[in-house]
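Novice: Pasting a structure here, questions to come.
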Amino acid sequence: DAGVIQSPRHEVTEMGQEVTLRCKPISGHNSLFWYRQTMMRGLELLIYFNNNVPIDDSGMPEDRFSAKMPNASFSTLKIQPSEPRDSAVYFCASTPTDRLGAFFGQGTRLTVV
Amino acid sequence: DAKTTQPTSMDCAEGRAANLPCNHSTISGNEYVYWYRQIHSQGPQYIIHGLKNNETNEMASLIITEDRKSSTLILPHATLRDTAVYYCSGTSYGKLTFGQGTILTVHP
């Protein structure tokens, strides 16, 4: 298996633009997580899904952020409109059950100018 | 979710054992303790997890105190490639969150 695949790896966008980050979890994994990492705030859990259903989105910072998981093999994190303070590395992770370790993707480095 | 406390940084000599502590005094009975590490800007990497008993795998050993209020991750023979940020996390019902972690530096 190729692991958790995120795209794009790097994204530079202008303030106010819509940004969509994509994640393909490992086949057979039924939980998926989105994290944001910055120097100031560390690794923050934004939202996680179980069997494609959002379980906890309390970490989503604002209404500008939304996440979807239309099927077991794909998830998106959308920011609309983007702001410079959204600049961070965004990680996606998946796990086969809630009792096993999670596998992380390589992340998407987002820069909003 | 349990709040975890870890030292900010630690040093270890190459070839020696690295013992990384974590306090999780608020952990509840059904929360597992997970350890991950992050090297440079890569995604975190799962190391090991446990509930009550000590655990060992090819990467590390995990020692959990009997009251479950703290744990220690042991890297038996640290190498330069083990230099990373190490996170412990108390996790229940699948919600995996991270604290600030310990920066482990392994030096020659």
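Novice: Would you mention how many residues in the stretch B:75-94 are facing chain A (nearest Cβ under 10 Å) and buried (at least 20 other Cβ atoms within 10 Å of the Cβ)?
Specialist: 4
Novice: Just checking, how many residues over the stretch B:30-70 are of a type in the set (Gly, Ala, Ser), touching a Cys at 6+ places or on another chain (Cβ under 7 Å) and within 13 Å of chain A (Cβ to nearest Cβ)?
Specialist: 0
Novice: Among the residues of the stretch A:48-65, which ones are surrounded by 14 or more Cβ atoms within 10 Å (Cβ to Cβ) and either of a type in the set (Gly, Ala, Ser) or in contact with a Pro (Cβ under 6 Å, 6 or more places away or on another chain) (or both)?
Specialist: A:59
Novice: Determine the pairs where a residue that is more than 8 Å from every other protein chain (Cβ to nearest Cβ) and within 12 Å of residue B:95 (Cα to Cα), located within the stretch A:36-64, has a partner that is among the acidic types (Asp, Glu) and not in a loop (DSSP other than H, G, I, E, B) with Cβ atoms under 8 Å apart, the partner being 6 or more residues away or on another chain.
Specialist: Going by the 8 Å Cβ cut-off, the qualifying pairs are A:47/A:56; A:59/A:44.
Novice: Can you tell which of A:102, A:67, A:88 is in contact with a strand residue (DSSP E or B) (Cβ under 8 Å, 6 or more places away or on another chain) and within 30 Å of residue B:55 (Cα to Cα)?
Specialist: The conditions single out A:102.
Novice: Tally up the residues in the stretch A:66-113 that are within 29 Å of residue B:31 (Cα to Cα), within 14 Å of chain B (Cβ to nearest Cβ), among the polar types (S, T, N, Q) and crowded, with 16+ Cβ neighbours inside 10 Å, please.
Specialist: Qualifying residue count, the stretch A:66-113: 3.
Each reported figure results from applying straightforward, stated rules to the coordinates on display, with no laboratory input. Note that this is a predicted model, so its numbers are computed, not measured. Counting neighbours? That spans all protein chains shown, and the Cβs are built from the backbone with ideal geometry, glycine included.
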